[in-house]
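Participant: Have a look at this one.
The values are calculated or read from the model by the stated rules, or taken from the named source; none is laboratory data. Owing to the predicted nature of the structure, the values given are computational and were not obtained by experimental measurement. Methodologically, a virtual Cβ is constructed for each residue, glycine included, from the backbone with ideal geometry; neighbour enumeration extends over all protein chains shown. Heavy atoms of the whole protein, side chains included, go into the accessibility calculation; ligands, DNA and RNA do not. Shrake-Rupley method; radii C 1.70, N 1.55, O 1.52, S 1.80 Å.
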Amino acid sequence: ATAGYRGAATAGYRGAATAGECGAATAGECGAATAGYRGAATAGYRGAATSKGKSSTGDYGLSVARGNGVKVKGGLNAVLVIAEEGVWDCEIKDWKAVVVDGEKVKADTWYKLKNGELVEVKE
């Protein structure tokens, strides 16, 4: 599934979804979801999600977010990668990569970067 500017895309089991600026992309189990500037991407079990906004995956997934004020979350054993850019440019100011272990990094919990450290986001 592909959606353009401010679109939404959804793909089922083992599917792939891409959405444009401010869009949302969702892919099923083992799928891949990508969303553009200020978008949100979600992928299921063993999936991968990348965005310039919020990224979320299930167990054993990969969530990647890069931008300003971005968030990531994942299920158990998911890898979370977050990169914080400067407010006025796209230069990387801070980044961090972690594995969701259920103890230090909780499953299904939103995280952001603050002073180079992963902090839980209360929503």
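Participant: What's the total number of residues in the stretch 104-123 that are part of a loop (DSSP other than H, G, I, E, B), among the charged types (D, E, K, R) and either on the phi > 0 side of the Ramachandran plot or surrounded by 16 or more Cβ atoms within 10 Å (Cβ to Cβ) (or both)?
Facilitator: 1
Participant: Here is a further query. Could you tell me which numbered condition I92 fails, if it satisfies all but one of (1) at pLDDT 90 or above; (2) surrounded by 15 or more Cβ atoms within 10 Å (Cβ to Cβ)?
Facilitator: (2)
Participant: Within the stretch 70-89, track down each residue that is open to solvent by 40 Å² or more (accessible area, probe 1.4 Å) and farther than 20 Å from D59 by Cα.
Facilitator: V87, W88, D89
Participant: Across the stretch 86-100, what is the total count of residues that are under 17 Å from the mean Cα position of the chain (by Cα) and not hydrophobic (A, V, I, L, M, F, W, C)?
Facilitator: 2
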